[in-house]
Amino acid sequence: MDTLDPHTDRHAAALNRLAHTLDVPVAEFFGEPANHEADDLLALVRLWSEIEGAQGRGRVLEIARQEAERGGYKGCA
């Protein structure tokens, strides 16, 4: 039985979680982007997957939380 390398498994799992969170099928990420916002989301997901360490991801999440809160989002605890 062939197995995927650990990075591929990790990326696939992250993509599945993202699709579940956004309530869209995974295939949604492989079609043509509908607009500029979709392009930005895809770029963000690709960049996120390249951040190896917890500290780097933590910094990115903190910035995202701050921006969401500035926009009025209250669910960032």
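Just give me the residues in the range 13-34 being more than 20 Å from Gly75 (Cβ to Cβ) and surrounded by 12 or more Cβ atoms within 10 Å (Cβ to Cβ), in sequence order. Give the steps one after another, and end with the answer.
Step one: list which residues in the range 13-34 are more than 20 Å from Gly75 (Cβ to Cβ), which gives 13-16, 25-34.
Listed by number, the residues that qualify are Ala14, Leu15, Val26, Glu28, Phe29, Pro33.
With the requirement that a residue be among the hydrophobic types (A, V, I, L, M, F, W, C) and in a loop (DSSP other than H, G, I, E, B), what does the range 42-77 give you? Break it down into steps so the answer makes sense when it comes.
Here is the first cut: in the range 42-77, the ones among the hydrophobic types (A, V, I, L, M, F, W, C) are 42-45, 47-48, 51, 54, 60-61, 63-64, 68, 76-77.
Ile51, Cys76, Ala77, listed by residue number.
When Ala54 is evaluated against the numbered criteria (1) loosely packed, with under 11 Cβ neighbours inside 10 Å; (2) more than 13 Å from the chain's Cα centre (by Cα); (3) at pLDDT below 85, which criterion, by number, is the only one it fails?
Just one mismatch for Ala54, condition (3).
Of the conditions (1) in contact with a helix residue (DSSP H, G or I) (Cβ under 7 Å, 6 or more places away or on another chain); (2) under 21 Å from Gly75 (Cβ atoms), Glu37 clears all except one; give me its number.
Looking at each condition in turn, Glu37 falls short on (1).
The values are calculated or read from the model by the stated rules, or taken from the named source; none is laboratory data. This is a predicted model, so every value here is computed, not measured. Every residue, glycine as well, gets a Cβ built from its backbone with ideal geometry; the counts of neighbours run over all protein chains shown.
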